[in-house]
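Nothing in this text is a laboratory measurement; each read-out follows from the coordinates by a stated rule. In this text, all values refer to a predicted model and were calculated from it rather than measured experimentally. Methodologically, a virtual Cβ is constructed for each residue, glycine included, from the backbone with ideal geometry; neighbour enumeration extends over all protein chains shown.
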Amino acid sequence: MTFLEAQQRLLAELRTHVRNGHLTEREMARLTGVSQPHIHNVLKGVRNLSPEIADRILKTFHLSVLDFSSPNELHDRITARLQRLLLVEMPMLLAPIGPNQPWRKEFSTRERFTLPVPMQRTRPHVAAVRLEPDPRMKMVLAQCDLAVLNVASQTARQTAGQTLLPLDPVGLYVVETTGGTAVRYLRTGSLGVYLATADALDFPEDWEVMGGASDIHARLLWIGNEKDRHLEVRQRGRVLATTS
């Protein structure tokens with residue numbers, strides 16, 4: 001709510017009281033110490049309601065600006081405030097994810113990324129990365145060019161039992177492929193772990209066998225677009241998983 005909206009709602013409240021006979025212009029002038037002609041002109045819209053007089057009216061009638069906000073407006077405002085407090089700032093990986101791009105766990109010293117949606121808890125290995133177009137994942141990633149990752153440490157990947165295993169069948173992972181880094185679904189089979197693309201998810205014969213657990217570099221937590229980072233929270237992208 002803006003100052004102008006608050007002023008207009010205060011005037012509407014005063015006009016309602018006068019119209020319903022709860023209060024006269026003379027009584028309002030006496031209570032606030034403002035001349036009756038001025039009160040009359042303010043209520044008629046001929047004169048503006050100055051901040052000083054508005055504050056005097058609020059104090060006289062034991063009101064605050066919050067009294068002119070609806071419950072929904074107050075709820076939305078509090079929610080937005082909490083969301084801003086929970087936004088997570090993280091490093092940005094230097095190299096994008098895509099064909100002919102090797103995995104490089106190196107971070108930009110000039111750029112950090114603020115996750116456009118709130119997360120209540122994070123782990124130390126959360127980072128952002130840019131995505132290059134991948135026709136085989138278009139059905140899932142669409143035009144997304146940004147992602148937030150839970151980057152697994154080398155120690156975690158080599159631990160017996162594997163931190164990233166058992167695999168989430170709906171999870172999207174950053175993996176090493178024969179053509180570079182890529183986002184893929186992971187499936188287990190007789191030969192180990194397979195890499196599945198969105199366009200071949202129902203065709204196991206087209207899946208690629210992954211070389212080893214060390215080829216799993218990260219799991220996608222969020223995907224979105226660079227151009228949408230300043231939109232409303234619900235329009236900024238899609239949360240795929242949390243770090244809790």
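If you find the alpha carbon centre of segment 176-200 and of segment 12-42, how far apart are they in angstrom? Each part's Cα centre sits 74 Å from the other's. The lysines within cross-link reach of residue 227, meaning a Cα-to-Cα straight distance under 23 Å and a gap of 8 or more places when in the same chain, are 138.
Relative to the current alpha-carbon distance between residue 20 and residue 72, full extension at 0.36 nm per residue lengthens the span by 16.0 nm.
If contacts are Cα pairs under 8 angstrom and at least 6 residues apart, what is the relative contact order of segment 3-69 in percent? It rounds to 32 percent for segment 3-69.
With each label point set 7 Å from Cα along the Cα-Cβ vector, what nm distance links residue 110 and residue 61? Output for this residue pair reads 5.6 nm.
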